[in-house]
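The values are calculated or read from the model by the stated rules, or taken from the named source; none is laboratory data. Computed from a predicted structure; not experimentally measured. Because the Cβ atoms are built from the backbone with ideal geometry, glycine has one as well, and the counts that use them run over all protein chains shown.
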């Protein structure tokens with residue numbers, strides 16, 4: 001088990017999936033949480049107990065986008081501290097995977113009640129838009145991660 005870098009916080013293991021269409025544009029979800037500024041993140045979420053990062057990536061990809069695909073190998077890792085939508089401060093261990101899709105259609109019908117409440121919209125961003133968007137995008141170095149990713 002990976003230990004938290006900040007032992008006062010619960011370690012939140014999660015998989016993040018960078019979904020790219022042919023243009024390539026990255027799929028992002030906007031979070032609107034009361035009392036916070038809006039922000040955008042990739043698809044993904046917390047690993048279930050005993051679940052591998054790869055299995056969580058497959059599950060989260062299907063649940064949040066309706067896409068069934070293999071996430072491939074991990075391409076990046078971040079370890080931010082943040083407050084979850086439920087209000088819990090955590091130390092994250094986020095593993096990034098990349099999935100290329102042939103079209104920009106997604107299905108959000110599998111979103112949980114919480115996701116429906118806080119994930120208010122989705123959008124496909126060009127790499128230039130990711131670099132210069134007026135709202136916060138996490139991770140902040142997403143464009144760099146995408147540009148360094150191997151061609152799949």
Residue tally, condition more than 22 Å from residue 36 (Cα to Cα) and loosely packed, with under 15 Cβ neighbours inside 10 Å, over the range 121-152: 8
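Go through 115, 81, 94 for me and flag whichever is without any contact (Cβ under 8 Å) to a residue 60 or more places away in the chain and either closer than 22 Å to residue 13 by Cα or under 15 Å from the mean Cα position of the chain (by Cα) (or both).
Testing whether each residue is without any contact (Cβ under 8 Å) to a residue 60 or more places away in the chain and either closer than 22 Å to residue 13 by Cα or under 15 Å from the mean Cα position of the chain (by Cα) (or both) leaves just 115.
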Report yes if residue 118 is within 23 Å of residue 145 (Cα to Cα), touching a strand residue (DSSP E or B) at 6+ places or on another chain (Cβ under 7 Å), modelled with pLDDT of 95 or more and surrounded by 14 or more Cβ atoms within 10 Å (Cβ to Cβ), otherwise no. no
Mind counting the residues in the range 57-95 that are buried (at least 19 other Cβ atoms within 10 Å of the Cβ), farther than 22 Å from residue 33 by Cβ and touching a helix residue (DSSP H, G or I) at 6+ places or on another chain (Cβ under 8 Å)? 3
